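Q: Below: one structure in structure tokens.
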Amino acid sequence: MLTSEYPRFWIRSVLLLALLGMALSSISLPADEQTQNSSDEKPATTTLDAAAKRRLKDVVRLAYTSTHDGWSTDEVILQDELNRKFLAVCNERMPEISAFDCNWMLMTLRKAGDLSDVSATKRRTQRHDDYLHAAEVAARFLEDKHRTNTDHVLCDPAMRAEFDKLARSIAPETDAYRLRKAALALRKSRRLPPELVLRVAKWEKEVIALTAAQIVENPKQISDGPGVYIFRDATGYLYIGESSQLRTRVSKHLDRSDRQSLANYLAENGIKDVTVELHIFDAKSDAKDKALRRAYESDLIRSRKPRFNLAP
């Protein structure tokens, strides 16, 4: 846990992250993937041979040009009705290909500039300020849980449905389309930076989310091994910490936290609307090293800016 009472930790974290940054500088990633959690991604269409991939490109191009109705490739992926029409044409011509592969190929063609000759005349400009936090929480959770990136989440129907459910649980008055569009805007503006420590360490982890009430009712749902915890509510991230005994530490916070800002918040608002996101590591992994857990914690705080870690 990072507060002003841990100056030595700050020094250790800065040094460790500097070393990790040096290690990462030697890793070459495609420009459009540099801001994503892609360490364990599996490339799309890996089961297709070269001829099938060429055919899929042709089918996807045809499907897009015949269904996009003036909208961009992003909108064809994000809008449910447009996506259904696009996938129907793809499925008619290549029924063996998954919806994800069709959507992913569409995004790939757009990034490669292979659809630049197809005019997109319709625009929809929106501000996402009121629900951007919900899109960020949902996008980051899905990235962490599935060890993938937001583009993959939005292209995969199952993961997109999971994103919609989580994002709308945080911002219930906002429709799923706007939340998806906000997540894509965050990704495009490089506001979903990856956690660098895991890109190097590659620890195995399980990512789950439980309401605070569920944890109070049954703390044994949580492993008491090493991990990182993230308190959040409908407004966004509240507090991030780490522990070698995750269950014990989280239960302590929910009973009577020794972090005054978090304790004050829970005393004033209760736990009804609080969710705890848990990054659970194997007890035999390098996560048993406190310095490495704290480096990961520091990285999460840097990227997610929880309200009570950053309070003076």
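Q: Calculate the translational D of region 150-192 in whole µm² s⁻¹ from Stokes-Einstein, where the hydrodynamic radius comes from the Kirkwood formula applied to all Cα pairs, the temperature is 37 °C and the viscosity 0.692 mPa s.
A: Translational diffusion coefficient: 316 µm²/s.
Q: Now for a separate question. Given R₀ = 51 Å, what would the calculated FRET efficiency be for ARG93 paired with ASN218, taking r from the Cβ atoms and rounding to 0.05?
A: The computed FRET efficiency comes out at 0.50.
Q: Compute from the Cα atoms of region 30-194 the Rg and the Dmax, the latter being the longest Cα-Cα distance, and quote both in angstrom.
A: Values for region 30-194 (Cα only, Rg and Dmax): 15.4, 46 Å.
Q: Given labels modelled 7 Å from the Cα in the Cβ direction, how far is it in nm from LYS165 to LYS111?
A: 2.7 nm
Q: Would you mind calculating the relative contact order of region 30-194 from Cα pairs under 8 angstrom and at least 6 residues apart, reporting the percent as a whole number?
A: Computed value for region 30-194: 30 percent relative contact order.
Q: Can I ask one more? How much length is gained on full extension from GLN245 to ALA52, taking 0.36 nm per residue of separation minus their Cα-Cα distance?
A: Here the answer is 64.5 nm.
Q: How many lysine pairs does region 30-194 hold where the Cα atoms are under 20 Å apart and the two sit 8 or more places apart or on different chains?
A: 16
Q: How far apart, in nm, are two points set 7 Å out from the Cα along the Cα-to-Cβ line at ASP129 and at TYR177?
A: 2.3 nm
Q: Can you put GLU136, GLU204 in order, fewest other beta carbons within 10 Å first?
A: Exposure proxy ranking, most exposed first: GLU204, GLU136.
Q: Mind jotting down a quarter of the surface of the convex hull over the alpha carbons of region 203-304, in square nanometres, one decimal?
A: Mean orientational projected area (region 203-304, Cα hull): 6.0 nm².
Q: Now for a separate question. Suppose every Lys and Arg Cβ carries +1 and every Asp and Glu Cβ carries -1, with no other charges. What dipole size does region 203-304 come out with about its Cα centre, to the nearest 20 debye?
A: 200 debye
Every read-out reported here was derived from the displayed coordinates using simple, explicitly stated rules and does not represent laboratory data. Note that the structure is predicted; figures quoted are calculated from it, not measured. Positions of Cβ are backbone-derived with ideal geometry, glycine not excepted, and every protein chain shown enters the neighbour counts.
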